[in-house]
Amino acid sequence: MSEVLAKYLPEHAVLPCFELIKINSVHLKIVNERQTRHGDYRKGISGKHEVTVNANLNKYRFLITLVHEIAHLVAFEKFGKHIKPHGVEWKMTFQRLMVPFIRPEIFPHSVLPLVANHFRNPTASSDTDAKLAFALKQFDERKVDIHFVHEVPSGSFFRIKNGRVFQKKGLRVKRYECIEVKTGRTFLFNANAEVEIIPG
């Protein structure tokens, strides 16, 4: 298992993650990309703790996702199955499990302070923390034609993964106001949303 983990995790995170998996009797599955989630946890019918993590994640996001899902398991086991999935008990558990990983041997200096800050009050998804999400995306294997919304020139058109086309308008507080071409409806995009720019 540790040889498999070594392909997906920062070097100094492999053994501590392996220990977390062993201690909590986790059945880990590394799966193909899912658009809607990076990972999930469920207790199987047999009582087995099943955690899945997307194989396409960069090693830092893979680590955060793996610990996120194990935190669900630990929180449910400790506090009972009626707690909110991303409630106070889960947050405390996630923080506690992540602390040993928030070190310069594991996270690069460009990401470490953002990770430390995020884990003061972790959210259901690190994607909602725009600064952290953007910093983590710098380590993704990016396709040549993929850009972030903040890189799209104002007034230009772009396409999202499901094929819908938008025109970028302006910045509204922290998110970008964009008009869907087909419907004329206004949508707000995070600065780090991945899009394909349509040449003018």
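Rundown of residues vs (1) closer than 19 Å to Phe139 by Cα; (2) at pLDDT 95 or above; (3) hydrophobic (A, V, I, L, M, F, W, C), yes/no style:
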residue: Arg37; (1), (2), (3): yes, no, no
residue: Lys43; (1), (2), (3): no, no, no
residue: Phe62; (1), (2), (3): yes, yes, yes
residue: Ile70; (1), (2), (3): no, yes, yes
residue: Phe76; (1), (2), (3): no, no, yes
residue: Lys81; (1), (2), (3): no, no, no
residue: Phe107; (1), (2), (3): yes, yes, yes
residue: Leu112; (1), (2), (3): yes, yes, yes
Q: Tell me, yes or no, whether the stretch 77-92 has at least one residue that is at positive phi, touching a His at 6+ places or on another chain (Cβ under 8 Å) and open to solvent by 20 Å² or more (accessible area, probe 1.4 Å).
A: no
(Q) Restricting to the stretch 157-199, name every residue that is of a type outside the set (Val, Ile, Thr), surrounded by fewer than 16 Cβ atoms within 10 Å (Cβ to Cβ) and not in a strand (DSSP E or B). (A) Lys161, Asn162, Gly163, Arg164, Lys174, Lys182, Gly184, Arg185, Pro199
Q | Residue selected from the stretch 93-110 under the condition out of contact with any Phe, Trp or Tyr (no Cβ under 6 Å at 6 or more places or on another chain) and assigned to a helix (DSSP H, G or I), by the criterion surrounded by the fewest Cβ atoms within 10 Å (Cβ to Cβ) | A | Val99
Q: Confirm whether His72 is assigned to a helix (DSSP H, G or I), closer than 28 Å to Ala130 by Cα and free of Cβ contacts under 8 Å to residues at least 40 places away in the same chain.
A: yes
Q: Might you check whether a residue that is assigned to a strand (DSSP E or B), surrounded by 15 or more Cβ atoms within 10 Å (Cβ to Cβ) and β-branched (Val, Ile, Thr) occurs anywhere in the stretch 55-64?
A: no
Q: Being buried (at least 18 other Cβ atoms within 10 Å of the Cβ), over 19 Å from the mean Cα position of the chain (by Cα) and not in a helix (DSSP H, G or I) is the filter here, so list the residues in the stretch 1-28 that pass it.
A: Val26
**Q.** Hits in the stretch 53-102 - residues which are among the charged types (D, E, K, R) and either under 17 Å from the mean Cα position of the chain (by Cα) or farther than 21 Å from Ser25 by Cβ (or both)
**A.** Lys59, Arg61, Glu69, Lys84, Lys91
Q | Matching residues in the stretch 30-54 - criterion: being open to solvent by less than 60 Å² (accessible area, probe 1.4 Å) and not charged (D, E, K, R) | A | Ile30, Val31, His38, Gly39, Tyr41, Gly44, Gly47, His49, Val51, Thr52, Val53, Asn54
Q. Can you tell me how many residues in the stretch 116-156 are under 13 Å from the mean Cα position of the chain (by Cα) and not in a loop (DSSP other than H, G, I, E, B)?
A. 12
**Q.** Residue check, Pro113 part of a helix (DSSP H, G or I), open to solvent by 60 Å² or more (accessible area, probe 1.4 Å) and either free of Cβ contacts under 8 Å to residues at least 12 places away in the same chain or within 19 Å of His27 (Cβ to Cβ) (or both)
**A.** yes
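The values are calculated or read from the model by the stated rules, or taken from the named source; none is laboratory data. Just so we're clear, the structure is a prediction, and the values are computed from it rather than from any experiment. Positions of Cβ are generated from backbone atoms using ideal geometry, with glycine treated the same way; all protein chains shown enter the neighbour counts. We work out accessible area using only protein heavy atoms, side chains counted, and drop any ligands, DNA or RNA first. Shrake-Rupley method; radii C 1.70, N 1.55, O 1.52, S 1.80 Å.
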